[in-house]
Amino acid sequence: MGRIRKQIGHQNWFGVSVDLVILILGVFLGIQVSNWNQDRLDRAQGKEYRDQLYLDLEANQRDLAFRVHYDGQLLAHAEAALAALDGPAADRPGDFIISAYEASNHIPQPVRRSTYDEVQASGMANFIGDRMLKEHIANYYVGMATMQRLFDNVPAYRDIIRSALPYEVQTQVLKDCPEVLETDEYGSVTPKLADNCRSTLDSLLAQRVAAQLRAIPNLRQALNAVAVDLNQKIWNERKLSEEAERLKQQIRAAAQ
């Protein structure tokens with residue numbers, strides 16, 4: 001700027017023009033270099049998000065596999081309880097109580113989507129891939145949000161059966177058919193039901209409590225609704241896992 005003022009003082013308009021062009025060009029190049037550098041940083045950040053999305057999809061698949069197994073166990077209990085309602089009331093009442101109780105279990109945690117939410121909040125969605133990949137990613141998480149509403153559904157049966165079963169009976173059921181928390185190598189904690197549970201309830205107590213459960217109005221309809229709900233959840237869990245696998249393949253292709 002000092003040179004320009006000096007050129008103006010000497011009324012050297014050609015020199016003024018040259019210095020202005022140099023100044024403007026310098027500012028322009030500085031802005032361009034800054035923009036290029038920011039674009040490079042944004043694309044590097046986009047790649048990191050894409051890699052993290054891939055890891056999230058793998059975590060989704062592990063979680064969904066757990067859900068399919070766990071909900072499958074609940075469905076088996078629901079079906080066993082429905083079958084018991086069709087049989088003699090005195091036929092293994094303790095096992096009927098276990099199945100009736102275990103069918104009321106529910107998975108409370110949501111499917112992981114933290115990286116995608118961070119991408120959306122940071123405004124980095126335009127840097128995670130081309131238009132088609134972004135569409136596939138968005139559609140996957142829209143589908144997940146829709147399915148999450150189903151996964152969050154807790155049938156009314158849960159409150160019906162747990163409010164009817166005496167506390168001491170529920171305590172014994174948890175001893176006879178314990179649910180344990182397992183932590184995998186990634187630090188994810190999931191519940192697991194015991195297989196082949198057998199009741200140790202006193203036979204007279206079991207018969208009395210089983211008769212009380214059988215007398216609950218519309219118990220069969222509520223239990224049937226649980227079986228339908230679990231079937232839908234298992235189907236959607238498998239479907240979402242398939243979609244996660246397809247999206248993983250598309251992310252791998254984008255990295256090549």
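The values are calculated or read from the model by the stated rules, or taken from the named source; none is laboratory data. If you're wondering where the values come from, they're calculated on a predicted model, not measured in any experiment. Ideal geometry is used to build each Cβ from the backbone, glycine not excepted, and the neighbour counts take in all protein chains shown. Protein only, heavy atoms only, side chains kept; ligands, DNA and RNA dropped before computing areas. Shrake-Rupley method; radii C 1.70, N 1.55, O 1.52, S 1.80 Å.
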Being in contact with a Phe, Trp or Tyr (Cβ under 7 Å, 6 or more places away or on another chain) and either open to solvent by less than 80 Å² (accessible area, probe 1.4 Å) or not in a helix (DSSP H, G or I) (or both): is that true of Thr200 here? no
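This table checks each residue for (1) more than 14 Å from Ala100 (Cβ to Cβ); (2) surrounded by 13 or more Cβ atoms within 10 Å (Cβ to Cβ); (3) touching a Cys at 6+ places or on another chain (Cβ under 9 Å); (4) at pLDDT below 95.
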| residue | (1), (2), (3), (4) |
| --- | --- |
| Phe151 | yes, yes, no, no |
| Pro155 | no, yes, no, no |
| Asp159 | no, no, no, no |
| Leu165 | no, yes, no, no |
| Cys177 | no, yes, yes, yes |
| Glu182 | yes, no, no, yes |
| Ser188 | yes, yes, no, yes |
| Lys192 | yes, yes, no, yes |
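So which residues in the stretch 91-146 are among the β-branched types (Val, Ile, Thr) and within 30 Å of Asn224 (Cα to Cα), if there are any at all?
First pass over the stretch 91-146, keeping only residues among the β-branched types (Val, Ile, Thr): 97-98, 107, 111, 115, 119, 128, 137, 142, 146.
Once the filter is applied, which keeps residues that are among the β-branched types (Val, Ile, Thr) and within 30 Å of Asn224 (Cα to Cα), the stretch 91-146 yields Ile97, Ile98, Ile107, Val111, Val142, Thr146.
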Please verify whether Arg92 is within 24 Å of Tyr167 (Cβ to Cβ) and open to solvent by 60 Å² or more (accessible area, probe 1.4 Å), treating the condition exactly as stated. yes
If you take the residues in the stretch 116-131 that are of a type outside the set (Ser, Thr, Tyr) and open to solvent by less than 60 Å² (accessible area, probe 1.4 Å), which one is nearest to the chain's Cα centre (by Cα)? Val119
Can you list residue pairs whose Cβ atoms sit under 6 Å apart, with the first residue in the stretch 46-62 being touching a residue at least 12 places away in the same chain (Cβ under 8 Å) and the second being assigned to a helix (DSSP H, G or I) and open to solvent by 40 Å² or more (accessible area, probe 1.4 Å)? Count only pairs 6 or more apart in sequence or on different chains. Gly46/Phe127
